[in-house]
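The values are calculated or read from the model by the stated rules, or taken from the named source; none is laboratory data. Just so we're clear, the structure is a prediction, and the values are computed from it rather than from any experiment. Here the Cβ positions follow ideal geometry from the backbone for every residue, glycine too, while neighbour counts run over all protein chains shown. Remember, those area values only see protein heavy atoms, side chains included, never the ligands or the DNA or RNA. Shrake-Rupley method; radii C 1.70, N 1.55, O 1.52, S 1.80 Å.
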Amino acid sequence: MPSENVAPTFAVISGAEVHSALQDDTGSVVDLIAHAYRLHGQGDTVNPPSYFLRFPDRPRSRIIALPASVGGDAAVDGIKWISSFPDNIHSGLPRASAVLVLNNPRTGYPYACLESSIISAARTAASAALAADWLTRDRARPRRLGFVGAGLIARYVLNHLVGTGWTFESTTVHDLSAEQADSFAGYCGRFEAAGSVTTGRAEELIRSCDLVVFATVAAVPHVTEPGWFDHNPVVLHLSLRDLAPEVLLRSVNVVDDVEHCLKADTSPHLAEQLTGGRDFLDGTLYDVMQGRLRPALDRPVIFSPFGLGVLDLVLGRWVYERIASAGGLRTIDDFFFDLRRHADPASHGAR
């Protein structure tokens with residue numbers, strides 16, 4: 001983070017630079033996200049509600065603002081501005097695009113803007129890998145991996161699982177687009193750790209896998225049968241709206257933050273509306289990491305992370321510092337132009 005004692009500069013960090021900083025270091029990213037969860041659990045963050053910009057003429061699309069502040073040894077303020085336009089995929093564009101702005105917590109000045117779709121995908125995947133680890137410590141290590149949804153997030157989750165030492169006997173992929181399912185299955189097949197790779201129907205996948213990842217763009221629940229989960233898998237419910245409340249009510253439910261997750265018609269929010277309470281929630285991932293919650297073995301375990309802006313900030317700050325330490329920052333030195341309270345009138349064209 002730049003010093004507040006010098007004229008502020010502003011850096012622009014491209015997606016290529018973010019990717020270069022993050023690639024081949026998934027272990028460090030997962031450790032960093034674990035640290036961010038601990039800071040949040042200890043109350044050393046400010047993470048207000050996300051703000052949704054919706055469009056009456058484009059009901060499937062939205063742009064979300066995630067303001068946040070992190071204290072401790074990762075001090076940074078800022079905001080992520082991320083759009084989700086699902087129809088992009090029909091023209092070959094990714095669904096999501098994002099930027100992340102980092103602010104100096106002592107002066108308030110923004111000092112960097114980072115392309116953030118990669119940061120968002122990496123922090124989501126890292127939190128998934130972290131949850132998979134902690135939620136399986138008291139049970140047999142999952143050997144059969146399943147992906148419902150075959151987009152960018154699924155790819156990043158696979159990379160982070162493999163990058164942190166997971167190996168599987170088999171990996172199954174399901175997507176509403178057979179072409180996308182086949183493409184992602186081909187990608188999975190490049191990894192020996194993925195085991196044998198197949199595609200299949202959602203029901204077959206869920207019933208046969210003991211670690212299930214939901215990474216779709218579903219707006220309403222489409223998995224409604226609790227019986228599909230009778231074998232008590234661990235479910236990483238990253239897309240948040242796939243599961244009917246009835247599935248959650250027969251499961252152990254772990255979230256990243258209770259208040260954040262119970263909104264915007266997520267599956268936990270629907271379960272709260274159905275039951276009139278929050279008793280179906282067992283705790284947070286931080287509770288698991290602190291040993292305050294040990295998920296039961298005789299029910300499915302569902303992790304539903306709403307996605308916290310503090311995770312993006314911690315990871316974005318780390319990317320910024322990594323690039324800065326390598327001397328690779330591209331700064332716009334005159335981005336902040338008029339820094340004097342009382343400037344020379346001549347500089348403003350006065351006569």
- request: Hand me the GluC sites (Glu not before Pro) from the stretch 156-218 located in a DSSP loop with no more than 13 other Cβ atoms within 10 Å, in residue order please.
  value: GLU169
message: Please compute, over every Cα-Cα pair in the stretch 23-133, the percentage with a separation greater than 15 angstrom.
response: 71 percent
task: Any chance you could check the Cα centroid distance between the stretch 89-135 and the stretch 247-268 for me, in angstrom?
output: 22 Å
message: No solvent, one uniform scatterer per C-alpha: report log10 I(q)/I(0) for the chain via the Debye equation at q = 0.10, 0.11, 0.13 1/Å, two decimals.
response: -0.61, -0.74, -1.01
message: What figure, in Å² to the nearest 10, do you get for the accessible area of ASP57 with a 1.4 Å probe and non-protein molecules left out?
response: 120 Å²
statement: Answer in debye to the nearest 20: the dipole magnitude of the chain about its Cα centre, from +1 Lys/Arg and -1 Asp/Glu charges placed on Cβ, is 260 debye
field: Helix-only mean residue ellipticity at 222 nm for the chain, each DSSP H run of n ≥ 4 adding -39500 (n - 2.57), per residue, nearest 500
entry: -9500 deg cm²/dmol
- request: Could you list the residues of the stretch 97-111 with an amide nitrogen less than 14 Å from a label point located 7 Å from the Cα of PHE52 in the Cα-to-C-beta direction?
  value: none
message: Using the Kirkwood radius over C-alpha pairs as Rh, can you work out the diffusion coefficient of the stretch 187-311 via Stokes-Einstein at 25 °C, viscosity 0.890 mPa s, in µm² per second?
response: 162 µm²/s
task: Nearest 5 is fine: what % of DSSP beta bridges in the chain come out antiparallel, could you say?
output: 50 percent
- request: Can you list which of the trypsin sites (Lys or Arg not before Pro) found in the stretch 1-107 are DSSP loop residues with at most 15 other C-beta atoms within 10 Å?
  value: ARG60, ARG106
- line: Once the mean of 1/r over all distinct C-alpha pairs in the stretch 248-293 is inverted, the Kirkwood radius in Å reads 10.8 Å
query: Once the Cα gyration tensor of the stretch 125-178 is diagonalised, what are the square roots of 5 times its eigenvalues, in whole Å and ordered largest first, as equivalent ellipsoid semi-axes?
result: 20, 13, 9
